[in-house]
Amino acid sequence: MKKIIFLLLISIGNINAQEKICGSQLKLKKFLHSNPEFLNIRDSLEENSINFESIKHTNITIPVVVHVLYSNQIENISDNQIISQIDVLNKDFTRTNIDANNTPPSFLPIVSDMQINFCLAQQTADGMPTNGIVRKQTSLQSFPLYGDEIHYDTSGGSTAWDTKKYLNIWVCNIDTGILGWAQFPAGGNPETDGVVIDYEKFGTNGTVSPPYDRGRTTTHEVGHWLNLWHIWGDNNCGDDFVNDTPEQEEANYGCKIHPHPSCNNNGDMFMNFMDYTNDACMNSFTLGQKNRVWSAITNYRYELLNSQGCNSPISLNSDAGIISILEPNNTNLVCADEIYAKVVLKNYGNNTLSSVTIKYNINSNNENTYSWNGYLTSGNTDTIILPVISSIGNNHILSVRTTLANGSLDINPSNNQKSKIFSSLNGKSINIKIRSDNYGNENSWTLTNIDNNYIVDSMNVLSNNTTYSLDFCLDYGCYMFVINDSYGDGFCCNYGNGYYKVLEKISNNYFANVNQFLFTDTTYFCIGSTEINDRSEHLLIHPNPTNGKIYLKHEIDPNNRIILAKIFNTLGQVVFSEKINNNAIDLNKLKDGIYYLKLNFNNINITKKIILNKSE
Ligand SMILES: [Zn+2]
């Protein structure tokens, strides 16, 4: 019975010991309480369910992976027991279950084949053959409803396979009182998505015991996983958001005799899989439930529709793929212009792999190509660091894929590609190299930005005849590197062979390569995009060297609006700061020497070196 729409049902009636048989609603309520942002997704699923038309039904076979967690051999249920459960799901969801003929005639107009089949997975998410069963011994004696241990290898459980492409079922010893639970669509973390069933209620043979020995606990929980509520709406005459199911006062237990009326209905549909009756006494889903389930598949679990999980993997002679991207990662932030991708290449083919073409890009920009050559036997992996790739900004997506394997087209694209979202520092990688002379203690250096804000300096006294190499990621802007010699003899060449170099690593562009000065030397440099550098080249200063006046010619601001010009000496001190509008600057008040002209056009900084020699 569907009553009020849009109101998300998360209130739970009073729970007594008898009712604690399915944990799905309890788990959902707890999750939504601490993750209210999921309420919107759940609400939109409700809205879609209302308008869903039966004409959109198709057939689907859902690939299943069963994770068996056992602390003793009894809990390590047999393949046969697992297969018996898949068989029950297939029958119950296609209404081919033998006990379907126990449905009272009055309900026959509303019962329905759900048009859903299930298979034990035939291939893993990365295309390897499998029987769809994962067995793991655990030191945990049992698993609680309110805990996610079961879902992770690292906590004594088993990590889910891609929950968009597989139904993950965990079978284990659940803490007393709970038969199982399911995660509703958008009802939890995708990593915990699936169904958990107690090993004594799973399948129809082996460890099962009456009255939960016909696999209906799993049918019921998969119903929740496909967005079905309990038929009594977990409230007194509550709502299950399905039109055709009769309103019902409360859960039914054991086996009832039809009719068993409540809430002014003509009889509870206690044989519905979403009630609490014994396995032997439930046998039906309704057409309304089918609409709701197919709405959930279409709007949320749609990637199941094209999952390859039920197909045998393609076995090719030459088949390569990227199985993971190890770096970059968000643990060690790298500079956006210097990104080295560390990836794992796998040989999925039968033949030994000797060559692979790897294509990779960031943010779908220009694709780079790397030719891998080596010796990789079937099923093995190699970890590769790809040649550097550059980007701009802080947030990126890296995509890596294989194309040619052993020189032939890789015709199995399903395992070729991996992508990774990561963050970086914005800017460019700069290397500063300093070689001290015989008197390293006379030298010191400082790196600041152009506004004289400190970034880093030499800190400790430099050792004699030592090479220091420092890498920085500097954001876009202009900088000043100043080196001093307290004795005034620089660091070359009478007492050693010192030098300093400032280098933009990726472009290999030297800002400085200096091996002699007296007391001090300064290098100005700007980190900018190619565009800014290009603009810098459009600024012409003439004459340069000059004997007094300089004239500026630039194409950035053709209207020659007033701009602020600053001139710095080699110590980084401002010696001239004026607004100019006639493109001429008179330097006659300055002493001969080297200066740096800094201009700012609409937040684009340009720095140019000027040589003043008034005697010429
Ligand atoms: Zn339930």
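Around the amide H of Val68, modelled in the peptide plane, lie the amide H atoms of Val134, Arg135, Lys136, Val171, all under 5 Å away and 5 or more residues distant in sequence or on another chain. Given their separation in residues at 0.36 nm each and the Cα-Cα distance between them, Asn351 and Asn266 gain 23.9 nm when the chain is fully extended. Indicate the gyration tensor shape class of the chain (rounded, prolate or oblate), computed on the Cα atoms with a ≥ b ≥ c the square roots of the eigenvalues: a/c under 1.5 is rounded; otherwise a/b larger than b/c is prolate and the rest oblate. It comes out prolate by the Cα gyration axes. Each label point was placed 7 Å from the Cα along the Cα-to-Cβ direction; for Ser364 and Asn452 their separation is 4.8 nm.
Apply 1/(1 + (r/R0)^6) to the Cβ-Cβ distance of Ser34 and Ala280, taking R0 = 25 Å, and write down the FRET efficiency to the nearest 0.05. Between Ser34 and Ala280 the formula returns 0.10. Peptide packing: for 78-85, 459-466, 417-424, the average count of neighbouring Cβ atoms within 10 Å per residue gives the ranking 78-85, 417-424, 459-466, highest mean first.
Taking amide H as placed 1.01 Å from N in the peptide plane, the amide H of Leu326 sits under 5 Å from that of Lys342, Val343, Val344, each at least 5 places away or on another chain.
Using C-alpha pairs below 8 Å separated by at least 6 residues, the relative contact order for segment 61-121 is 54 percent.
Here the spin labels are modelled as points 7 Å beyond Cα on the Cα-Cβ line, and at Lys136 and Asn243 they lie 4.4 nm apart.
No disulfide-compatible partner, judged by a Cβ distance under 4.7 Å, exists for the following cysteines of the chain: Cys22, Cys172. Annotation for segment 376-400 versus segment 470-527: alpha-carbon center distance of 34 Å.
Of all lysines in the structure, those lying under 25 Å Cα to Cα from Lys608, and not within fewer than 8 positions of it along the same chain, are Lys428, Lys433, Lys501, Lys505, Lys549, Lys553, Lys566, Lys579, Lys589, Lys591, Lys598.
Each reported figure results from applying straightforward, stated rules to the coordinates on display, with no laboratory input. The model shown is predicted, which means the values in this text are computed figures rather than measured ones. Glycine gets a Cβ as well: all are built from the backbone with ideal geometry, and neighbour counts include every protein chain shown.
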